[in-house]
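The values are calculated or read from the model by the stated rules, or taken from the named source; none is laboratory data. In this text the structure is predicted, and so the values were computed from the model without any measurement. Don't worry about glycine lacking a Cβ; one is built from the backbone with ideal geometry, like all the others, and counts go over all protein chains shown.
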Amino acid sequence: MTNRNRKAVVNQKDKSNHALRYRGSSTTPQDDEDDSDGEKRIWGLSVRLIILSACFVSGFGFIMLYFNAASEMKNVTETNYAELVNSEFNLQNYSFATDRVNIRDNASLQEFTKYFDCQLPVLIRGVVNEWPSMKWNRDFFKSHYGNQKVPVVSVEGAMINAEVKTMTIEEFSQVVPDGKPSRWHYVQDELFINRHDKLKADIGEAIYFKENFFKLFPEEIRPWDAMLLWGSAHSRSHLHIDPYNWTGTNAVLHGRKRWKLFPPGQDNKFYITPNQMCGFPLNCYKYNSPIDSFNIDDEKYPLFRNVNYIEIEQNAGELLIIPPGWFHQVYNPVETIAISSQIMNSKNYNIILKEIIAANKLISDAFPDDIESYSPKEKVLFILALLPDEVIQRGRMITDQIIQQFYGNQ
Ligand SMILES: O=C(O)CCC(=O)C(=O)O
């Protein structure tokens, strides 16, 4: 199949909305011979120049993180995927404060896109407080879903002792009021809301999520949306960058959260083990730090001592949006219920595709020369179409396993 034909296939699929998959490995040696060596060299040089400029001009360390975190990714990005790293991020063009989280009332989409999206975290007021899900609290869940099971992270002592257990909501309701610094419980459930249409309907709209390329993903590998986060006092998340390096969102419905947000460019201070995989239906790299930034072991993690971060407290009814590349960790000082979600849009799709390409070891030869002429949506569809069938089957299997493990036959 020639590159031109390949693009036609993508367009065709796009229009007909048929299954997205076809095999990138169908590229024949003849396809490669069509390229002249000279063109390839110029292309290679341009790629390196673009990558270098992006690193210098943007000052964004996360581009480097990709290169360090996965050597496979290096092969992919340095050669055929130049346009995927030519992102638009530029903190220097941004005049708002970076020493604290900016707070905006009902930010317009234009304001969000121009000043915050893929640049700085922002706390948005006046949106989530209108959602029907603001009624969610312990009694609500107990009375409507008491016999339903949820996965619960339980910690005795330090976070390193975290165990995942399955409890009914009724059982969880007994232990959740009793959070202590050295004993706490946290429902972190990716599937619960999605398995209950009434809960899904309680989640309102936000203009910032409207463009959503994740909707183009085949269902089997689409990242789960709307994670239920219900923690006792003192519960906390891991310190991490989000999977696929997407833009993360967090809507607090009850209680409050304390956040530590770490600007990009300090990745060497987080003691990340390279090449950890996330175990999601569509594989991705995991960027979880072993450090608990709310209870730091200075001796063990000396590099973390002078890391820069900004803090914010988020109350019920507020929405926090965290750009790609920012490590973050949350601490719930009181019992807190929230929903986290993710954004894949025209601003960050390159970053996410890059993660998918690297983690799933997609073959660079399958990329056409004229990929720059593709629209963002076409590029997303093209990459999805390269995923082999086994990836889709694996996605289905993982979801089934998780449902079986945590919910049984309920
Ligand atoms: O526990 C929390 O609210 C933080 C969740 C989070 O960081 C995430 O979903 O990426």
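When segment 134-166 is limited to residues that are touching a strand residue (DSSP E or B) at 6+ places or on another chain (Cβ under 7 Å) and of a type in the set (V, I, T), the one that is surrounded by the most Cβ atoms within 10 Å (Cβ to Cβ) turns out to be V152.
If I ask for residues that are in a strand (DSSP E or B), surrounded by 14 or more Cβ atoms within 10 Å (Cβ to Cβ) and out of contact with any Asp or Glu (no Cβ under 9 Å at 6 or more places or on another chain), which ones from segment 179-199 would you list? Even if it seems obvious, please write down each step before you answer.
First pass over segment 179-199, keeping only residues in a strand (DSSP E or B): 180, 183-189.
Going one step further and asking which of them are surrounded by 14 or more Cβ atoms within 10 Å (Cβ to Cβ), we end up with 183-189.
Of everything in segment 179-199, those that are in a strand (DSSP E or B), surrounded by 14 or more Cβ atoms within 10 Å (Cβ to Cβ) and out of contact with any Asp or Glu (no Cβ under 9 Å at 6 or more places or on another chain) turn out to be Y186, V187, Q188, D189.
The strands (runs of 3 or more DSSP E) found wholly in segment 63-159 and carrying at least 3 residues that are among the hydrophobic types (A, V, I, L, M, F, W, C) and modelled with pLDDT of 95 or more occupy 122-125, 149-156.
Every condition in (1) within 16 Å of the ligand (Cβ to nearest atom); (2) under 23 Å from K347 (Cα atoms) holds for N288 except the one numbered (2).
Can you tell me which residue within segment 381-396, out of those that are hydrophobic (A, V, I, L, M, F, W, C) and closer than 16 Å to C284 by Cα, is surrounded by the most Cβ atoms within 10 Å (Cβ to Cβ)?
Selected residue: I383.
Please verify whether L191 is of a type outside the set (S, T, Y), touching a strand residue (DSSP E or B) at 6+ places or on another chain (Cβ under 7 Å) and within 16 Å of the ligand (Cβ to nearest atom), treating the condition exactly as stated.
Spelling it out, it is not the case that L191 is of a type outside the set (S, T, Y), touching a strand residue (DSSP E or B) at 6+ places or on another chain (Cβ under 7 Å) and within 16 Å of the ligand (Cβ to nearest atom).
Could you say whether any residue in segment 300-314 is within 12 Å of the ligand (Cβ to nearest atom) and within 17 Å of the chain's Cα centre (by Cα)? Checked against the condition, which is being within 12 Å of the ligand (Cβ to nearest atom) and within 17 Å of the chain's Cα centre (by Cα), segment 300-314 yields no hits at all. Looking at the structure I just gave you, is I310 of a type outside the set (S, T, N, Q) and surrounded by 15 or more Cβ atoms within 10 Å (Cβ to Cβ)? The answer is yes for I310.
Taking the conditions (1) surrounded by fewer than 22 Cβ atoms within 10 Å (Cβ to Cβ); (2) among the small types (G, A, S); (3) in contact with a helix residue (DSSP H, G or I) (Cβ under 8 Å, 6 or more places away or on another chain) in turn, G325 satisfies each one other than (1). A Cβ distance below 9 Å, combined with a sequence gap of six or more or placement on separate chains, defines the contacts here; from segment 230-244, residues that are modelled with pLDDT of 95 or more and charged (D, E, K, R) reach residues that are in a helix (DSSP H, G or I) and away from the ligand (no atom under 11 Å from the Cβ) in the pairs R236/M159. For residues that are in a helix (DSSP H, G or I) and among the small types (G, A, S), scanning just segment 385-410, find the one that is farthest from F217 (Cα to Cα). Here the answer is G395. Restricting attention to segment 264-283, the residues being within 16 Å of the ligand (Cβ to nearest atom), surrounded by fewer than 23 Cβ atoms within 10 Å (Cβ to Cβ) and modelled with pLDDT under 95 number 5.
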